[in-house]
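Student: Just passing along the structure, written as structure tokens.
The values are calculated or read from the model by the stated rules, or taken from the named source; none is laboratory data. Keep in mind that what you see is a predicted model, and the values were worked out from it rather than measured. Here the Cβ is made from the backbone with ideal geometry for all residues, glycine too, and neighbour counts use every protein chain on show.
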Amino acid sequence: MKNRNIGINKDFVDQSLIAVSSLSNYTYCPRRLYLSQVKGIRKETSHSVAGKIEHDARRIICPQLKHKYLKLTNNKQIVEFENRVFQIIDRTMDYIRKVAFIEFPIFTPEIQFFIEELDYRLKSEEERRVQTLTNLFEMGKWNKSKIYHLLPWLVEHPVASKDLQLKGRIDQVFLEEERAIPVDIKTTPYPFISREADAVQIGAYSLLLEKVWGREVRKGQIYYSRSFLHYDVRISDELRNKVIETRNCVRRILEMTKPPPPLEGHEALKCRFCYLRTECQTETLINEEQAEVNGLCKLFTDPAPGNLDSLFMEAKVK
Ligand code: SF4
């Protein structure tokens, strides 16, 4: 597996390919996909900024950790090792904080709060990882090939396939028994609401990994990082078909000239957590206002007898 081509796939720059994020967006709500992709409505919220900060921090920290873990040869170095790992996190968080303050000044209080929380979580994750490593040492089971069980093999890895007409950037890929396991990190505090969309996303990454490396992917994982919850996704035939169906639906939405209707019934609960809910309402209002204007115009222009224009003309003649 390690000899396989893991470089950037040249198809990744192909603009005609559909982004995997569009599949999860569609699964969450087709209207939201339309508003963001067709209408081009972009919106930064404190949650999206938090997600960006966390992904940036992990991308910077992970290769440094891997380097440190690979150098460790025995249990006696563990205490000093943990300190060094924490220093990596401290340095990275300092850097990330400065960049985030410059990039998103209006979210300064939220950034300060989120960075403290993230720092705590990353260190907790590392404590657990070091504990696992200690156990492996004690049982005499540690060897360097185990590194990709503990830490990702690849981070933010771009994959694309013309055959699948899809492309995406996978947050992390782990290796277990020479099998790739794509992992998507979710930073949302409300993971229950997007579980179906998250599964479609991980299904699409799995199909892409199979295309690039030619080996079956049997499972993927979603990591809800704010609760340390790992959720396994089995890559079943049903999920594979759903990925392809969803991709076809996304294509259709991208060609539409009017937005799909808002969610209804049970599904409408998602609107409460949707970052475009204000814009979505505006869109509805615009449509309603337009319908009202159209209705008024019709009153004046309708050729049927009794329209306001003809009544006005009749009144004028009298
Ligand atoms: S507010 Fe609801 S209907 Fe509107 S885009 Fe968001 S999820 Fe979809």
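Student: Just to be sure, is Gly51 within 20 Å of the chain's Cα centre (by Cα), closer than 30 Å to Ile253 by Cβ and away from the ligand (no atom under 16 Å from the Cβ)?
Tutor: Here the answer is yes, as Gly51 does meet what is asked.
Student: Take the conditions out of contact with any His (no Cβ under 9 Å at 6 or more places or on another chain) and loosely packed, with under 11 Cβ neighbours inside 10 Å and apply them to Asn75. Does it pass?
Tutor: Here the answer is no, as Asn75 does not meet what is asked.
Student: Can you find even one residue in segment 4-13 that is acidic (Asp, Glu), part of a helix (DSSP H, G or I) and under 30 Å from Gln281 (Cβ atoms)?
Tutor: no
Student: Another question about this same structure. What tally of residues in segment 42-59 results from selecting those that are β-branched (Val, Ile, Thr) and surrounded by 17 or more Cβ atoms within 10 Å (Cβ to Cβ)?
Tutor: Total satisfying the criteria: 2.
Student: Follow-up question, since we're still on this one. For segment 250-270, which positions are surrounded by fewer than 16 Cβ atoms within 10 Å (Cβ to Cβ) and either in contact (Cβ under 8 Å) with a residue 60 or more places away in the chain or within 16 Å of the ligand (Cβ to nearest atom) (or both)?
Tutor: Arg251, Leu254, Met256, Lys258, Pro261, Glu264, Gly265, His266, Glu267, Ala268, Leu269
Student: Looking at segment 223-238, is at least one residue buried (at least 18 other Cβ atoms within 10 Å of the Cβ) and in a helix (DSSP H, G or I)?
Tutor: The answer is no; no qualifying residue exists.
This table checks each residue for (1) touching a helix residue (DSSP H, G or I) at 6+ places or on another chain (Cβ under 8 Å); (2) loosely packed, with under 13 Cβ neighbours inside 10 Å; (3) on the phi > 0 side of the Ramachandran plot.
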| site | (1), (2), (3) |
| --- | --- |
| Lys71 | no, yes, no |
| Asp119 | yes, no, no |
| Leu122 | yes, no, no |
| Gly140 | no, yes, yes |
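Student: With at pLDDT 90 or above, within 27 Å of Phe273 (Cβ to Cβ), more than 16 Å from the ligand (Cβ to nearest atom) and among the aliphatic types (A, V, I, L, M) as the only criterion, which of Ile89, Ile96 stands out?
Tutor: Residue meeting the stated conditions: Ile96.
Student: Let me ask another. Has segment 95-107 got any residue that is closer than 30 Å to Glu176 by Cβ, hydrophobic (A, V, I, L, M, F, W, C) and touching a Lys or Arg at 6+ places or on another chain (Cβ under 6 Å)?
Tutor: Taking every residue of segment 95-107 in turn, none turns out to be closer than 30 Å to Glu176 by Cβ, hydrophobic (A, V, I, L, M, F, W, C) and touching a Lys or Arg at 6+ places or on another chain (Cβ under 6 Å).
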